[in-house]
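Report on one structure; see the data block that follows.
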Amino acid sequence: AQSVTQPDIHITVSEGASLELRCNYSYGATPYLFWYVQSPGQGLQLLLKYFSGDTLVQGIKGFEAEFKRSQSSFNLRKPSVHWSDAAEYFCAVGAGGGKLIFGQGTELSVKP
Amino acid sequence: AAGVIQSPRHLIKEKRETATLKCYPIPRHDTVYWYQQGPGQDPQFLISFYEKMQSDKGSIPDRFSAQQFSDYHSELNMSSLELGDSALYFCASSVTGIIDYNYGYTFGSGTRLTVV
């Protein structure tokens, strides 16, 4: 069965520091992978997605993610974090028919 | 650009009452998905509709039902509400048949249901 694991429940980084959020997936075929961001009480905003091709995907707000098939990973990165990046981040895998399976989420806090 | 519209934004109901949540997809989108996100939880897929027919079903309680109408909007009906139904309910829409649009869809802002 498809599944997504985000090992880090909560991460704190200093403003201006680099960020990497981990995501591991379990899927039999080539996965469709996504990162979403959610501010408190708000909806889910798509940051980026991977379907095929270049394994380094660029997204909005300066985020990027790299698909590594050998490690079943799709980690999210940002070179320099801004205070406004504080939010909950969800990794997701397409599970057929448009359905998404989400990881448990990683809460990002940003220190001034 | 038009987005997915959900109403109401907030809803407070008592136990055993009924609630109806509405979702208006992006124009020309033919598929609607419903997700439930409990407090501190990840979103869980409930059900989806394509061209007014149920296309997939997830962990949706029997007390819940949903349908998609001819104008492609969808309604999620929840009866005999329980305290555990308190959650954020998201709707999303896409165009089935086009991979780029099947996934990575944008969610609506959600309906926050509180059962007291």
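The values are calculated or read from the model by the stated rules, or taken from the named source; none is laboratory data. Computed from a predicted structure; not experimentally measured. With ideal geometry, Cβ positions are generated from the backbone for all residues, glycine too; neighbour counts draw on all protein chains shown. Please note that ligands, DNA and RNA were not included when accessible areas were found on the heavy atoms of the full protein model with its side chains. Shrake-Rupley method; radii C 1.70, N 1.55, O 1.52, S 1.80 Å.
Tabulated values for the structure
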{"item": "Residue match in region B:61-84 (condition: facing chain A (nearest Cβ under 10 Å), hydroxyl-bearing (Ser, Thr, Tyr) and within 28 Å of A:GLY105 (Cβ to Cβ))", "result": "no"}
{"item": "All strands (runs of 3 or more DSSP E) inside region B:26-116 with 2 or more residues being under 28 Å from A:GLN6 (Cα atoms)", "result": "B:31-37, B:44-50, B:53-57, B:87-94, B:111-115"}
{"item": "Unmet requirement for B:VAL95, which otherwise passes all of (1) at pLDDT below 95; (2) facing chain A (nearest Cβ under 8 Å)", "result": "(2)"}
{"item": "Check on B:GLN6, more than 20 Å from A:ALA95 (Cβ to Cβ) and under 11 Å from the mean Cα position of the chain (by Cα)", "result": "yes"}
{"item": "Unique residue being within 28 Å of B:GLN6 (Cβ to Cβ) and in contact (Cβ under 8 Å) with a residue 40 or more places away in the chain when the list is A:LEU76, A:LEU46", "result": "A:LEU76"}
{"item": "Test: residue in region B:45-55 that is open to solvent by 40 Å² or more (accessible area, probe 1.4 Å) and of a type in the set (Asp, Glu)", "result": "yes"}
{"item": "Subset of region B:9-44 [under 14 Å from B:HIS73 (Cβ atoms), open to solvent by less than 80 Å² (accessible area, probe 1.4 Å), away from chain A (no Cβ under 11 Å) and modelled with pLDDT of 95 or more]", "result": "B:THR20, B:LEU21, B:LYS22, B:CYS23"}
{"item": "Selection count where residues are more than 25 Å from B:SER109 (Cα to Cα) and in contact (Cβ under 8 Å) with a residue 40 or more places away in the chain, scope region A:12-41", "result": "15"}
{"item": "Conditions (1) surrounded by fewer than 21 Cβ atoms within 10 Å (Cβ to Cβ); (2) touching a strand residue (DSSP E or B) at 6+ places or on another chain (Cβ under 8 Å); (3) of a type in the set (Val, Ile, Thr); number of the one not met by A:THR30", "result": "(2)"}
{"item": "Number of positions in region A:22-56 that are within 14 Å of chain B (Cβ to nearest Cβ), farther than 16 Å from A:GLU88 by Cβ and not in a strand (DSSP E or B)", "result": "8"}
{"item": "Sole exception among (1) closer than 18 Å to B:SER7 by Cβ; (2) among the β-branched types (Val, Ile, Thr); (3) open to solvent by 40 Å² or more (accessible area, probe 1.4 Å) for B:THR111, by number", "result": "(3)"}
{"item": "Number of positions in region A:57-112 that are within 14 Å of chain B (Cβ to nearest Cβ), in a loop (DSSP other than H, G, I, E, B) and open to solvent by 40 Å² or more (accessible area, probe 1.4 Å)", "result": "3"}
{"item": "Of all residues making up region A:10-33, the number that are modelled with pLDDT of 95 or more and either touching a Gly at 6+ places or on another chain (Cβ under 7 Å) or under 19 Å from A:VAL81 (Cα atoms) (or both)", "result": "14"}
